[in-house]
Amino acid sequence: MLLCAFQVFFMQSGFAMLEAGTIRMKNMKNIMLKNVIDACVSTVAWWALGYAFAIGECGESAFIGYHNFFASSPSSATYWASWMFGWAFSATSATIISGAMAERARFRAYLVYTCAISAFVYPVVAHWVWSESGWLSARRRPNWNCGVKPIVYEPLIANTMGTMDFAGSGVVHMVGGGAALVGAVLLGPRLGRFNQDGHVIQFANASAAHMALGVFILWLGWYGFNAGSTQCFYGCMLVAASIAVNTTLAAGAGGLTCLFLSVFFGAPGDIGPLLNGILAGAVSITAGCAMVTSYAAVIIGAIGAFVYMGASKLLQRLRIDDPVDAAPVHFFCGAWGVLAVGFFATETFTKAAYGYAADWGVFYGGSGRQLGMQLLGLVCIAAWTCALSFLLFWSLRKAGWLRVDKESEQQGLDIAQGIGSGIRPNCLPCLPCCRQ
């Protein structure tokens, strides 16, 4: 479990590389600084409040946990491993936002919303879906079963599995992606991103090599993210191996489908759609990675590519500027991943993953109640995340803390904020990359 936590934390490197490669070079050091600070802020926030709100204990509130603030009283032999694993997930959810708000957000705003996501917004959703007392949890234990064996799981809504989100399509990716979407809307587009007719002006990426390396690191980290969510070693290897295969297939199918769609609609076969397609497929399979067959993983990943492409085009038509397409990849594909469980989960794999199977996907004989629970969980996660994010970003905007001034944005945040330039020393001002 610790090794998987380390692997998930290494995904921070992937996000940093991907974002630094996607934005313009004049903002590269700024975005790298924000990604590193994210790890530090989320650590303190998770230690002080986040873990206590997220985990809780059997018989506690169905809405939020309230024990072990500041890691004050470790309660079991696996406490610290669970703490580390949860912290890595919390940091991942928070760092998704920085890419959507890149190149024009104030540094102080980044500190505030990273703390809010890690300390409260994400932990509450994690408590709902993953704790022993959460109202959406598949592993919810009734009060009469607290502290006794054998363990009995009894979701709050009878004859369902609660909302099944095995590794976090909703809990992690929808939370981060939803906050990213709201932040991008309230922040507004980058200067010059859209012309008067609403057409998108393409900005040159800083480095395709950074983008590709970042996605490969994320892909590697996803094995710790998904397979590590079994949170056990002995007796779990068959499930973990199946999860790893499904993650691989969905990511590959998403990348190929996205590249095909891009070429089909007349664009050159560029690396950007391929990379985002890989991420779209990986996000889409995260919820159901343990409960679906291998061919279903391919289908889920491929449909995820369609969801990503459609959402990306929709945001552009609405003049919402998301430099790294964080919201299409994480929020929209995360929502599809949660919903896909209600279609593709099998009875056999559900029982292997959770130890019981009260209901499963409609394509495999499920009653349809589970599909309804997946939809309920999706709506509640989206509503909670977007509502709190709106209040947070709206308050920051009213206080003048959200967006940098026009001159700083045009100059580039590296120089404007006094941290030096990310431009290479031998880069001449006459070159296009240095003028952007």
When (1) closer than 15 Å to T248 by Cα; (2) in a helix (DSSP H, G or I); (3) open to solvent by less than 60 Å² (accessible area, probe 1.4 Å) are applied to G288, the one that fails is (2)
When every residue in the range 92-118 that is open to solvent by 10 Å² or more (accessible area, probe 1.4 Å) and part of a helix (DSSP H, G or I) is compared, the one farthest from A416 (Cα to Cα) is A116
Taking first residues from the range 107-136 that are among the charged types (D, E, K, R) and second residues anywhere that are outside any loop (DSSP other than H, G, I, E, B) and open to solvent by less than 60 Å² (accessible area, probe 1.4 Å), the pairs with Cβ under 9 Å that are 6 or more apart or on different chains are R108/L396
Condition check for A387: of a type in the set (G, A, S), crowded, with 16+ Cβ neighbours inside 10 Å, under 29 Å from W130 (Cβ atoms) and at pLDDT 95 or above: no
inquiry  = Would you confirm, using the coordinates I've provided, whether A105 is hydrophobic (A, V, I, L, M, F, W, C) and in contact with a strand residue (DSSP E or B) (Cβ under 8 Å, 6 or more places away or on another chain)?
reply    = yes
Here the residues within the range 281-325 that are among the small types (G, A, S), closer than 30 Å to C232 by Cβ and under 20 Å from the mean Cα position of the chain (by Cα) are G281, A282, S284, A287, G288, A290, A297, G301, G304
The condition from (1) outside any loop (DSSP other than H, G, I, E, B); (2) more than 27 Å from A387 (Cα to Cα); (3) in contact (Cβ under 8 Å) with a residue 40 or more places away in the chain that Y153 misses is numbered (1)
Within the range 312-335, residues being crowded, with 24+ Cβ neighbours inside 10 Å and part of a helix (DSSP H, G or I) number 10
For the range 363-412 the number of residues that are of a type in the set (G, A, S), within 26 Å of A116 (Cα to Cα) and not in a helix (DSSP H, G or I) is 2
Return a yes/no flag: does the range 232-240 have any residue that is under 21 Å from V172 (Cα atoms), of a type outside the set (A, V, I, L, M), more than 21 Å from the chain's Cα centre (by Cα) and open to solvent by 30 Å² or more (accessible area, probe 1.4 Å).
yes
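The values are calculated or read from the model by the stated rules, or taken from the named source; none is laboratory data. Small disclaimer: the values here were computed from a predicted structure and weren't measured. Here Cβ is always computed from backbone atoms with ideal geometry, including for glycine, and neighbour counts include all displayed protein chains. Surface accessibility is based on the protein's heavy atoms, side chains included, excluding ligands, DNA and RNA. Shrake-Rupley method; radii C 1.70, N 1.55, O 1.52, S 1.80 Å.
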